[in-house]
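Right, one structure below, let's go through it.
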Amino acid sequence: MSERASENALDPTPSGPEDSPPLVDDDFDRLARWAADHIGARIPPDQRERLRQRLEPMRAELAGTRSWNDLYRKLRIGSERDAYAADAVRRLTNKESYFFREAAHLALLAEEVIPARLRALRAEGRKELRILSAGCGRGQEPYSIAMAAAESGKVPPGYRVRILAVDVDDDALRLARSAIYTEHSLRGVEEEARRKFFRLDESGRFEVRPAFRSNVSFERANIADGRWADDYPTQDVAFCRNVLIYLNDEAQAAAIRSLHRILAPGGFLFIGHVENVRAAPALFHVQRRPHATYLQKPGG
C-alpha cells in the first residue's frame, strides 16, 4: 500500500452519494475480508462508513451492480475481476504524501546509513548502493530519497545509487513515473531546493529534474505477499513508512519477514514513527537516535 500518515486505514474520507444502499454486516464482512485477502488491509468495523464511501462511486458506476453483493461478486468472479480489483485497490489506498516527509530519516540516511553501507560495499567489491521504497505511492518518497542521497556528498565517484520503488496501486505508479506534482506536494520545500530539484512545466506544475529521476525505477508489488521480495536483488536500505499500520497482523508479519529477506546483512529499515510492529524486534536490532529510530538487520 502507499505511503500514509493517518492511523485510520481509509482516511482521508471522500464524499459519496447519500442514497447508496446501506452496507449491512454481511456485506461489510465480505468486502473487508476481500481487502484483507487481496492487499492485507486492516479495516475494522468502526470504518464501515468510510469503506462504503470509498467504494460507493465504483458500485454506482458499474453496470449491473445494484447491491454490495453484486460488487463483491465482480471482485471475485469473472474475466474482468482483475481490472475491478485494481480499481478497488486504487480507491481503498491512501496516497497523501509530500516531499522530504519525516526529514529526520533522510538526515540519518545521509549522515549515518549511506557511509555504513558503503563500507560494506567496499568489502564486497560492489559499487551499487540499493535502496527500496516500499509503498511508494505517487513517488514523493523515492524521489526525496534520490535527492537526499545526491545531496549528501557521501557517495564517491564510481558508485551508483539505485532506488527501487514498489506499490500495489497501478494508477499511483503511473503518476509516480510521470514525476509531475502540484504545489501541495512541495509544501515545506524551500525555494532554493525547488529550483534545484524541480522545473516548472507549462501548466505551473513541478517536474522532478531528470538527474533525480534516472536512478529511480517503479514496479508493482504487494509487500503483504511474502513472495514479492524473491523477484528483486538484495537491498542495502529499505523505507516502508506509514504502510504497515494499514495491514492486519498476518499481513504485517509477512511484510516484515519479506523486508528482512530482501535486505542485505547489516541493512537498514526505516518505518513510520507511529508504527509499532510486533514482528520487527525478533528480526531486527532497534537503533534509536535523538530524532529518529531505524531497524538494522543483524550481520554484515
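The values are calculated or read from the model by the stated rules, or taken from the named source; none is laboratory data. Please read all numbers here as calculations on a predicted model, not as lab measurements. Glycine gets a Cβ as well: all are built from the backbone with ideal geometry, and neighbour counts include every protein chain shown. When the accessible area is computed, the model is the full protein with side chains, heavy atoms only, and any ligands, DNA or RNA have been set aside. Shrake-Rupley method; radii C 1.70, N 1.55, O 1.52, S 1.80 Å.
Among [x] 128; [y] 144; [z] 179, only one was calculated for this model; which label is it, if the read-out is volume of the Cα convex hull per residue in Å³?
Here the calculated entry is [y].
Which order do the peptides 188-198, 141-151, 81-91, 171-181 come out in when sorted by mean C-beta neighbours inside 10 angstrom, highest first?
Ranked from most to least packed, the peptides come out as 141-151, 171-181, 81-91, 188-198.
In terms of solvent-accessible area of protein heavy atoms at a 1.4 angstrom probe, what is the ranking of Asp231, Asp201, highest value first?
Largest to smallest exposure gives the sequence Asp231, Asp201.
So what is the accessible area of the chain per residue, in Å², with the probe set to 1.4 Å?
I get 46 Å² per residue for this part.
Could you please state, rounded to a whole Å, how far the C-alpha centre of region 201-246 is from the C-alpha centre of region 126-142?
Rounded to whole Å, the Cα centres lie 5 Å apart.
Peptides 158-166, 282-290: what's the order by average Cβ count within 10 Å, highest mean first?
Top to bottom by mean Cβ count within 10 Å: 158-166, 282-290.
Could you count how many Lys pairs in the chain have their Cα atoms under 23 Å apart, skipping same-chain pairs fewer than 8 positions apart?
Lysine pairs meeting both conditions in the chain amount to 4.
Which one of Leu129, Tyr72, Leu106 has its Cα pushed farthest toward the positive end of the charge dipole of region 30-133, where Lys and Arg give +1 and Asp and Glu give -1 at the Cβ?
Ranked along the dipole, the leading option is Tyr72.
Specify which residue in the list Tyr159, Tyr181, Ser20 is farthest towards the positive end of the charge dipole of the chain, using unit charges on the beta carbon of Lys, Arg (+1) and Asp, Glu (-1), about the Cα centre.
Tyr159
With +1 assigned to the C-beta of every Lys and Arg and -1 to the C-beta of every Asp and Glu, and no other charges, what is the dipole magnitude of the chain about the Cα centre in debye, to the nearest 20?
The calculation lands at about 1160 debye.
At a 1.4 Å probe radius, carbon and sulfur cover how many percent of the accessible area of the chain?
47
Once you charge only the Cβ atoms, +1 for Lys and Arg and -1 for Asp and Glu, what is the size of the charge dipole of region 33-101 about its Cα centre, to the nearest 20 debye?
The dipole magnitude comes to about 120 debye.
Among DSSP beta bridges whose residues both lie in the chain, state the antiparallel percentage, nearest 5.
Here the antiparallel bridges make up roughly 40 percent for the chain.
Considering only Ser144, Ala120, Val237, whose Cα is most displaced toward the positive end of the charge dipole of the chain, charges sitting on Cβ of Lys, Arg (+1) and Asp, Glu (-1)?
Going by the Cα projections, it comes out as Ala120.
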